[in-house]
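Q: This is the structure I want to talk about, given as structure tokens.
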Amino acid sequence: MLALRSLSGKRSTAPVRRGRLLRQEAIDGFVFITPWLLGFILWTAWPMLFSLGLVFTNWSVLTKPSFAGLANFSRLAQDRLFYIALGNTAYYTFVAVPLTLVTNLIVALALNLKLAGINIFRTVYYMPTIIPQVANVMLWMWIFNPEFGLANALLTRLGLPKLGWFWDPRWSKNAMIFMTLWGFGTGMIIFLAALQGVPQELYEVGQLDGANSLQLLWHVTIPMITPVVFFNLCMGIIGSFQIFTTAFIVSDGKGGPANSTLFLVLYLYRNGFEFFRMGYASLIAWVLFAIILLVTLIQFRLARRWVYYEQEVI
Amino acid sequence: MNVRKLTRRHFLSLSAAGAVGASVIAACGATPTPQVIEKVVTSVVEKEVTKIVAGTPQVVKETVIVPATPQVVEETVVVTQVSRPPEVVWTSWATDTFGMFRVEEQAAQFRQKYPDIVVQIRNVAGSSYRERLLTTLAAGAGPDVYRLCTDSELAFYKDGQCEQLDPWFEKQKDSWFWTDDVNKTIVDAHRIKDKLWFYPMALDVQAFCINKTLFEQAGLPLPPMSYKSADYKSVWTYEKYLDTVKALTKFAADGTPQQFGTTVYPDYYYLHDIITSKTGRFWMSDDGSQFLGADPAVTEAIQWYADIRLVHKAAPTPEQSKGGAFDYSAGRLALDWQFATWLCYGEKNVGDRFDWDIAPLPHWGDGNPGLFPEPCVWVFNPHSKVKDATWTFFHWLVGPEGVRVPTELAWEIPIYKSVEPYFGKRIPTGKNLSLGPEGVSIASSNYFWLKNLNFFEAWSSVMEPALEEVLLGSKTAQEAMTAIKPQMDKVLQEGKAAMA
Amino acid sequence: MAAAKPKAPRKRIRELTWKTAAYVILGAVGVVQLIPFFWMISTSFKPRGTEFLWPPQWIPNPVVLANYPTALTLLPFFIFFRNTLIITIANMIGGIGTSLMAAYGFSRLRFPYRSLLFSVCLSTLMLPDVVTLVPQFIMFKQLNWVNTFLPLIVPNWFGGSAFFIFLGRQFFTTIPMELEDAARMDGASSYRIWWSIMIPLSKAVIASMAIFSFQSNWNDFTRPLVYLYDTDKQTMALGLSVMKGVYQTDWNLLMAISTVFTIPMIVLFFLAQRQFMRGIVTTGLAGR
């Protein structure tokens, strides 16, 4: 068996494992995921199933849940606010995620340059992320102050009209997207880590072939980090669909002005904790779950076309 | 790990640990401390008595109670339990420094009077209050006494989270509850089907915050400072209000606003005055079942309110006011729709940057001002594990002694005559202290939030966003109200049906 | 390593221009990134009521140094700090360790139902926490774990977060198979490979996870809010929320605490990102 392998010469073919070794691998696999599996069964599965069951009940949280059949579903079908929330959430996700991905990548590439003192720059660019959320939002409300804020001052200087930002229903989501974009934080760091893993020889070979920096970027760097681009894309979508805290602080928990920042999780939070309809809130949560799951599965399907894995995975 | 290495060393260390642990547990366990107590003893004694039974004298043992010769006996009793004082958990959303000092002072005062009850303050910031309260109540770990406001009192009552208070008051015939001291109107207005399920607190009423300095600078006369003053009815009308605020709004040469006369908020506390004063009713029927917002009279009032900003430009836009630049405390606002108890925040927020005070709301022509009181409530948790101690605290807290501190701070308008003289004793002198109690005395007693279970949802989810659009000018009041009428009717009817 | 070739003068000038341009742009954007931090520090020294004046005062006048001791003694912040540190470090070790285990299992080892289990793992991220908050609380209340650190730490030690598992999986797939094959040929077990090959090669990822884990645990608010009652058990995030009242917020004190609060994170980040400098070598040959 060993002789066969050394003769094969192919780079990324999985070695042939038979019988005992395969079984060992399977056992090992389960052992490695056991902590997670155990944790899932103990702490996660039951609350999730409980909330799934709540979908068919009326529950004010303060009393026992009472069976309500499909009442929540019919309420959902006629709920104008649900569709508004869905629209807001979809808009936010499909605008913010691609933009964030691109900006984070560009920033990570910039911070990967071999410049002296680059680590100071990296720390500086990470700083906005570690500021407590409440302070961050307050600051942005100040920056976006329509009369005296920096944002409108800039616009006026460029001869453009002032905007209402957070307090104009047409601009509130964009203001939030802008705020999100500005926090390079998490995505940038993940890209930075990924860039560290691109093998040096590939660059050397490329340079020998006469490629310039841009070509190296397109043909070497980016393909090698596609698994991580995929990660940021998936997590970005999963996270953006569930946006809550920022909207909560900005709109004082109301989703205003005029329901423009009413996102799905904010809407279900209100239903669960303010209008005493936890069963209905659970339904909205599971509908959201289904949407995110669907979109993610599509992403995984499409990934086969553009994500480069060294080794065959799912 | 090598099994061989499980040597004596391991065994020794394990047993040492075990020994230490065991002794710790033993120490925690009660070592009985002998206590000397005095007892009054009456004896029940078995005596031999000669009785005639069935003809023959027989010696029979009989139990005879020896007449009580009270004896004081010293007895050594071994107390096997260290009893802990009952702990009452008290929750509200007073978490900023001002609020915390206030509740701590109240708890300290209570402790002085009742040293063997410990009050534990567990406050949560406003935005997370409901979340934590509901979660802990759901698991049976909720606080013993907690605060609720008009948005949820009914719902909590309906879900059995409120202890019925009348039986407890009945047991305490010497309570202040049975005297004339209490403002019975306000307390009884909180009865649901004649029973008292929670007790009013933090009583407040609407008022303007007025920036007297700006009036002086503009050379304008101050509005009448009391509802009872002779010229209130004739002078302080909405038309006069509009003229005043227009005169107090100033723009710079390039159009940047420098100060505004008033604000315009889409809040029902302020709309109530404008609508009720003009039309005699509210956007909800008195019994809470119908939406009246689409009536032309009501929409006219709403539009008039919106036009203060849209047409007359005498109020900042939402972006201008929310951004903080035109907050009342910043000193660029002449008349801000607020509450009478804003007096308690004045010193801290404004200090002496300008002359701050409160002023009455205006009225329409012949109409009366449409004030309503907005008290919150204290709830006694029926699932409390220390009910007696909780009642002692609750009774003290809601009574004249408990409200003394908030009253002196002008944080609460008292419902007890005996406490009224202390209102505002700790805030700077020269402020309009009588306005609050005056407002309460002329306020409506139709507590509309207690009429419909879905009142808050109807307001917050449907009406408020629609009003925001009206105030932004994207819809007229008539359009907006007509558009939401079907939904409002539905939500209100659902809420009314749930009350039955 | 090949010796650096002497560069022609024109190339050197071009290189210098690029470098200067890079510094200028990075610097400009960097300054803007620092504005929130400046504002935070500046506000922390302001007297009450002057935090939001216009035009903005960048240098507070007067400078109130007392805000810091006032804020720090208002609540037992050193106890909060200790508690937050305990929870954060426990979660970092447990969460990253068990996540890396699961990541390896999902990426390199074949076992039945692997895809299904991984989908389940990922799907735990897709249900908003809001609806599982109450059932989880009830569950922990039954276990009598309320008012202890246990609900905050134990779940992390059982496969921490799907975020890290997914991240780890993606990274492990970029490590070439030859290394593993060579080790297997030498008779190494999966555990040995995980410990001696995968982990050392993932320093950058582990550093990232450390940063994220620290950050999210340091700032975690909801779970301490619901599970920790006694004052001596609370965390810094809870302490911060105390400053924020309904009508009143002590912004200057809030900012003072926030500033103190962020210093450990900055320190950690600075230390951790050294991992990003020491170019990760995947083939055991020349590094950066």
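Values quoted throughout were computed directly from the atomic coordinates according to the rules given, and no laboratory measurement underlies them. Predicted model, so just to flag it, every value in this text is computed and none were measured. Here the Cβ positions follow ideal geometry from the backbone for every residue, glycine too, while neighbour counts run over all protein chains shown.
Q: Debye sum, Cα scatterers, segment B:396-439, no solvent: what log₁₀ I/I(0) at q = 0.24 1/Å?
A: Log-scaled intensity ratios, in q order: -0.76.
Q: Run lengths n ≥ 4 of DSSP H only: what is the helix-derived mean residue ellipticity at 222 nm for chain C, with -39500 (n - 2.57) per run over all residues, to the nearest 500? Can you show the working numbers first?
A: Values: 13 runs with 179 residues, N = 288.
Result for chain C, helices only: -20000 deg cm²/dmol.
Q: In addition: How many Cβ atoms of partner chains, on average, are near each residue of C:107-119 if near means within 10 Å of its Cβ? Mind showing how you got there, number by number?
A: Numbers: counts 6, 6, 10, 7, 11, 3, 2, 6, 3, 0, 6, 4, 5.
That works out to 5 on average.
Q: Ok, one more. Summing -39500 (n - 2.57) over the DSSP H runs of n ≥ 4 in chain A and dividing by its residue number, what mean residue ellipticity at 222 nm do you reach, to the nearest 500 deg cm²/dmol?
A: Numbers: 16 runs with 201 residues, N = 314.
Computed ellipticity for chain A at 222 nm equals -20000 deg cm²/dmol.
Q: Just how far, in whole angstrom, is segment B:204-218 from segment B:230-271 if you go by their alpha carbon centroids?
A: 10 Å
Q: List the DSSP H helices in chain A whose Cα atoms stretch 27 Å or more along the helix axis and whose mean Kyte-Doolittle hydropathy is at least 0.0. Don't jump to the answer; show the numbers that get you there.
A: On the way: long enough: A:19-39 (30 Å, 0.57); A:80-110 (45 Å, 1.39); A:278-306 (41 Å, 1.44).
Helices meeting the span and hydropathy rule in chain A are A:19-39, A:80-110, A:278-306.
Q: Applying 1/(1 + (r/R0)^6) with R0 = 41 Å to the Cβ-Cβ distance of B:Asp287 and A:Asp252, what FRET efficiency is obtained, to the nearest 0.05? Working shown, then result.
A: Details: r = 30 Å, r/R0 = 0.74.
With a Förster radius of 41 Å, E is 0.85.
Q: Further question on the same structure: Please list the helices of chain C that count as membrane-span-like by this rule: a mean Kyte-Doolittle hydropathy of at least 0.0 together with Cα atoms stretching 27 Å or more along the helix axis, each helix being a complete DSSP H run.
A: Details: long enough: C:9-44 (51 Å, 0.56); C:77-108 (45 Å, 1.10); C:251-272 (31 Å, 2.03).
Counting only whole DSSP H runs, the qualifying helices are C:9-44, C:77-108, C:251-272.
Q: Further, regarding this structure: Along each of the three principal axes of the Cα atoms of segment A:87-189, give the extent in whole Å, ordering the values from largest to smallest.
A: 42, 32, 29
Q: OK, next. What FRET efficiency would be calculated for the residue pair B:Asp159, C:Ile93, taking the C-beta separation as r and a Förster radius of 51 Å, to the nearest 0.05? Don't skip to the end; give the middle numbers.
A: Values: r = 42 Å, r/R0 = 0.83.
FRET efficiency, B:Asp159 to C:Ile93: 0.75.
Q: Sort all Cα-Cα distances of segment A:36-101 into consecutive 5 angstrom bins from zero, then give the percent of pairs in each bin up to the one containing the longest distance.
A: For segment A:36-101, the pair-distance distribution reads 3, 13, 12, 13, 15, 16, 17, 7, 2, 0.
Q: Still on this structure, I have one more. On average, how many beta carbons from a partner chain sit within 10 Å of the beta carbon of a residue in A:168-180?
A: Values: counts 4, 6, 2, 1, 0, 0, 0, 0, 0, 0, 0, 0, 0.
If you average over the peptide's residues, the count of other-chain Cβ atoms is 1.
Q: Say we join alpha carbon atoms closer than 10 Å with springs in a Gaussian network model of chain A; which of A:Gly69, A:Gly185, A:Gly255 then has the biggest fluctuation?
A: Maximum fluctuation in the GNM of chain A, among the listed residues, is at A:Gly69.
Q: Over what distance in Å are the Cα centres of segment B:397-434 and segment B:107-131 separated?
A: 20 Å
Q: What is the distance, in nm, between label points placed 7 Å from the Cα along the Cα-to-Cβ direction at A:Arg304 and at B:Gln112?
A: 7.9 nm
Q: Another one. Given a Förster radius of 25 Å and the C-beta distance between C:Ile266 and C:Thr73 as r, what FRET efficiency does 1/(1 + (r/R0)^6) yield to the nearest 0.05? Walk me through the numbers on the way to the answer.
A: Values: r = 24 Å, r/R0 = 0.94.
That gives a FRET efficiency of 0.60.
Q: I've got another one for you. Order C:162-173, B:344-355, A:201-212, A:112-123 from most to least packed using the mean count of other Cβ atoms within 10 Å. Walk me through the intermediate numbers first.
A: Values: C:162-173: 24.7, B:344-355: 16.7, A:201-212: 12.4, A:112-123: 15.1.
The packing order, highest mean first, is C:162-173, B:344-355, A:112-123, A:201-212.
Q: Which value, in nm² and rounded to one decimal, describes the direction-averaged projected area of the C-alpha convex hull of chain C?
A: Details: hull surface 90.8 nm².
Mean orientational projected area (chain C, Cα hull): 22.7 nm².
Q: To check my understanding: the extent here is largest minus smallest coordinate of the Cα atoms along each principal axis. What are those three numbers for the protein assembly as shown, in Å, largest first?
A: 115, 110, 59
Q: Sorted from fewest to most neighbouring beta carbons within 10 Å, what does the list B:Val118, B:Val491 look like?
A: Details: B:Val118 18, B:Val491 23.
Final ranking by Cβ density, sparse to dense: B:Val118, B:Val491.
Q: Taking each residue in B:112-123, count the Cβ atoms of any other chain within 10 Å of its Cβ, then average. What number comes out? Don't jump to the answer; show the numbers that get you there.
A: Numbers: counts 0, 0, 0, 0, 0, 0, 0, 0, 3, 1, 3, 2.
Whole-number average of other-chain Cβ neighbours for B:112-123 is 1.
Q: Let me ask another. Taking the radius of gyration and the Kirkwood hydrodynamic radius from Cα positions alone, what is the Rg/Rh ratio for segment A:71-313, to two decimal places? Intermediate values should be presented prior to the final figure.
A: Working: Rg = 21.1 Å, Rh = 20.3 Å.
Ratio of gyration radius to Kirkwood radius for segment A:71-313: 1.04.
Q: Still on this structure: Could you work out how much longer the chain between B:Asp174 and B:Asp231 gets when fully extended? Use 0.36 nm per residue separation minus the Cα distance between them, nm to one decimal. Intermediate results must be reported in sequence, preceding the final value.
A: Details: separation 57, 0.36 × 57 = 20.52 nm, distance 4.43 nm.
16.1 nm is the gain from fully extending B:Asp174 to B:Asp231.
Q: Order of C:Arg108, B:Arg102, B:Arg84 from fewest to most other C-beta atoms within 10 Å? The partial results should precede the final answer.
A: Numbers: C:Arg108 23, B:Arg102 19, B:Arg84 7.
Listing C:Arg108, B:Arg102, B:Arg84 from fewest to most nearby Cβ atoms yields B:Arg84, B:Arg102, C:Arg108.
Q: Fewest to most neighbouring Cβ within 10 Å: what's the order for B:Cys149, A:Cys234?
A: Values: B:Cys149 16, A:Cys234 21.
Ordered by Cβ neighbours within 10 Å, fewest first: B:Cys149, A:Cys234.
Q: Relative to the compact-globule scaling 2.2 N^0.38 Å, provide the ratio for the alpha-carbon radius of gyration of segment A:20-66. Let's see the in-between values first.
A: Details: Rg = 18.0 Å, N = 47, 2.2 N^0.38 = 9.5 Å.
Dividing the Cα Rg of segment A:20-66 by 2.2 N^0.38 Å gives 1.89.
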